[in-house]
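The values are calculated or read from the model by the stated rules, or taken from the named source; none is laboratory data. Everything numeric in this text was worked out from a predicted model, so none of it was measured. Backbone-built Cβ (ideal geometry, glycine too); neighbour counts: all protein chains shown. We work out accessible area using only protein heavy atoms, side chains counted, and drop any ligands, DNA or RNA first. Shrake-Rupley method; radii C 1.70, N 1.55, O 1.52, S 1.80 Å.
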Amino acid sequence: MSILIAEVLSEGMIFCADRNITTECTNGTTIQEKQQAKVLKWPTERHLFGFVGVAEIGGLPMHDWLTSAS
C-alpha cells in the first residue's frame, strides 16, 4: 500500500508520500525492500510527479526511467 497526501492551501500546495518502493519478483510476487522518493520534480523544477505501485518500467526504477525519458 502507498500513501499519497495532497493539501491545497491559499499559500500553495503540500504533496507528500511514503518512501517504500514495491518491486515485482520474477515469480510474480512483490516485495517492499527499498526506499526511494515517490514524489519527484519532473519534467522541470516547476512540476511534481508522484507514483504508486510497482515502481519500475522496462526493468528500470521509476526515477531512472523518468530521467532517461527526459
- Query: So, of the residues in region 24-49 that are open to solvent by less than 80 Å² (accessible area, probe 1.4 Å) and at pLDDT below 75, which turns out to be nearest to the chain's Cα centre (by Cα)?
  - Reply: 38
- Has region 53-62 got any residue that is open to solvent by 70 Å² or more (accessible area, probe 1.4 Å) and among the charged types (D, E, K, R)? no
- Task: Take the residues in region 1-17 that are modelled with pLDDT under 85 and not aliphatic (A, V, I, L, M), then tell me which one is farthest from residue 30 (Cα to Cα).
- Result: 7
- Which of the residues spanning region 25-39 are over 14 Å from residue 64 (Cα atoms) and in a loop (DSSP other than H, G, I, E, B)? 25, 26, 27, 28, 29
- Message: Looking at region 15-40, I want the residues that are free of Cβ contacts under 8 Å to residues at least 40 places away in the same chain and have a partner that is assigned to a strand (DSSP E or B) and among the basic types (Lys, Arg) with Cβ atoms under 9 Å, at least 6 apart or on another chain. Which pairs are those?
- Response: 19/34; 20/34; 22/34; 23/34
- Only one of (1) open to solvent by 80 Å² or more (accessible area, probe 1.4 Å); (2) in a strand (DSSP E or B) fails for residue 15. Which number is that? (1)
